[in-house]
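Quick notes on the structure that follows.
The values are calculated or read from the model by the stated rules, or taken from the named source; none is laboratory data. Bear in mind the structure is a predicted one, so any value in this text is a computation, not a measurement. Cβ: placed from backbone, ideal geometry, glycine included. Neighbour counts: every protein chain shown. Each accessible area value is taken on the protein alone, full model and side chains, heavy atoms only, with ligands, DNA and RNA left out. Shrake-Rupley method; radii C 1.70, N 1.55, O 1.52, S 1.80 Å.
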Amino acid sequence: MNAVLSRLPQRLYCGALSKAAVVLIVLLAGWWPLNATAQALSLVNGDSTQKVALGDLRDRADTTFTVFDPYQGRDVEMRGVSFRDFLIEHFGEVPPTLHFTAWDDYEVSLGGWDDPNWYLVTIEDGEPLTLRSRGPVRLVEREYEGRDIDNLRDFNDWIWMIRSIEAQW
């Protein structure tokens, strides 16, 4: 009987510990997306930083198009704003080079954005992009003649999960 009694508190302790671990995991899982939720796109121009609310950007998404997304292997309906027009509105002109920072800390600097085929997409298949769906802001090319859809390296300039865009003059 003593053996059974001595094991009982250990089982209760382990059970309580397991329950506490589960509660902690659930709390952390619930907490992390709230803190990692993107609320704005940062635009950096020299010493000036402007925040564009993602809700406002989604509301302004005035162009809908369907494009084959080579990463998903299917046609996707996207909605966004002309990137060229967006740059002119916020920077006064199209900067020669832009430095992008993504929510996963990916960074790249690319030029040649004075092209009307590029769109800042915030909605896919009728749903707002989230971090889980490689959003909340994604830069894609509306028409891409001459690219091999089976070669994903041909789409290295599609940028996902954009957190900030910095003009480099």
Taking 1 over the mean of 1/r across every pair of different Cα atoms in the range 49-109, what Kirkwood radius in Å do you get?
13.8
Accessible-area ranking of ILE162, ILE88, largest first, probe 1.4 Å:
ILE88, ILE162
Under the 0.36 nm per residue contour assumption, what length would be gained going from the current alpha-carbon distance of ASP150 and GLU89 to full extension?
18.5 nm
Give me P(r) over the range 112-169, computed from all C-alpha to C-alpha distances, binned every 5 Å, as integer percentages.
4, 16, 24, 25, 20, 10, 1, 0
Using 0.36 nm per residue, how much length does the chain from PHE65 to GLU143 gain when fully extended, once their Cα-Cα distance is taken away?
27.1 nm
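Could you work out the local net charge near ARG58, counting Lys and Arg as +1, Asp and Glu as -1, over the other residues with Cβ closer than 13 Å to its Cβ? Walk me through the intermediate numbers first.
Values: positive: ARG60, ARG79, ARG138; negative: ASP56, ASP59, ASP62, GLU124, GLU127.
Overall, the nearby charge balance is -2.
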Is the range 60-169 best put as rounded, prolate or oblate by its Cα gyration tensor, with a ≥ b ≥ c the root eigenvalues, rounded for a/c under 1.5, and otherwise prolate when a/b is larger than b/c, oblate when not?
rounded
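Send over the Kirkwood Rh of the range 83-127, from the inverse of the averaged 1/r over different Cα pairs, rounded to one decimal Å.
Numbers: mean 1/r = 0.0840 Å⁻¹.
Value: 11.9 Å, from the Cα pair sum.
Between TRP169 and VAL76, what FRET efficiency follows from the Cβ-Cβ distance if R0 is 35 Å, with the result rounded to 0.05?
Values: r = 34 Å, r/R0 = 0.97.
After rounding to 0.05, the efficiency reads 0.55.
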